[in-house]
1. Hey, can you grab everything whose amide H is under 5 Å from the amide H of residue 143? Only 5+ residues off in sequence or another chain; H modelled, so Pro and N-termini drop out.
2. When only Cα pairs under 8 Å and 6 or more residues apart are kept, what is the percent relative contact order across the stretch 45-106?
3. Treating only the Cβ atoms of Lys and Arg (+1) and Asp and Glu (-1) as charged, compute the dipole magnitude of the chain about its Cα centre; round to the nearest 20 debye.
4. Explain nothing, just the number: relative contact order of the chain, from Cα pairs under 8 Å at least 6 residues apart, as a whole percent.
5. So if R0 is 45 Å, what FRET efficiency would residue 166 and residue 83 give, r being the distance between their Cβ atoms, rounded to the nearest 0.05?
6. Limiting things to C-alpha atoms, what are the Rg and the maximum Cα-Cα separation (Dmax) for the chain, in angstroms?
7. Hey, if you put +1 on the Cβ of every Lys and Arg and -1 on every Asp and Glu Cβ in the stretch 1-153, which of 40, 6, 117 ends up farthest toward the positive end of that dipole?
8. How many nm is it between the label spots at residue 148 and residue 99, if each spot is 7 Å from the Cα in line with the beta carbon?
Amino acid sequence: VLTVTPKAPPFDFSVTITPSTATVSIGDKASFSVIVNLVSGTPAAIFLTVSGLPSGLLYSFSPQSGSPSFSSNLLIDASAASSTGTYTFTVTAIGGGASKTAMATVVVREAADFTVSVSPGSASVKQGEKVSFNVAVNPVGGFDQVVTLTVSGLPSGASSTFSVTSGRPPFS
């Protein structure tokens, strides 16, 4: 009796990354999910790397290798980033004599903050009178928190009041 069995399919896998685009503020981190799926054959160890990121963006995988099918969390750290920009990078999965790639984009923006400006820069007022200043509060890098205004350093006997004491920038 001769039994003929089909030849085992060769090892093959796919790699995908989500989301396709993520935004991160300077000093913060962005997270991507890398999924490596077995397409055919006997699973082999796969190692993940990243290319195309500028020197100020660091990355780490958790885990960096595995046997398909598996998923890994890719963390891009913008703590050392010095400038904003849009960067397309490539995740490469290597193993079992094969190499596969997937691409994604990270948008680096200014750290979320706010600015305060006062005009005029100085003013004179006689004792018993009042003087007005305009205080403008503006967001930077998507800042969206409530800001509360206070005054310090006034001479004895002087007091202050605001028409608007707090709010989400922009306000004045």
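1. Amide H neighbours of residue 143, under 5 Å, 5+ apart: 113.
2. RCO, the stretch 45-106: 38 percent.
3. The calculated dipole for the chain is roughly 80 debye.
4. 20
5. 0.90
6. In Å, with Rg to one decimal and Dmax whole: 28.0, 116.
7. 6
8. The two pseudo-label positions are separated by 5.7 nm.
We did not get these values from a lab; they are worked out from the coordinates using the rules stated. Predicted model, so just to flag it, every value in this text is computed and none were measured. Cβ: placed from backbone, ideal geometry, glycine included. Neighbour counts: every protein chain shown.
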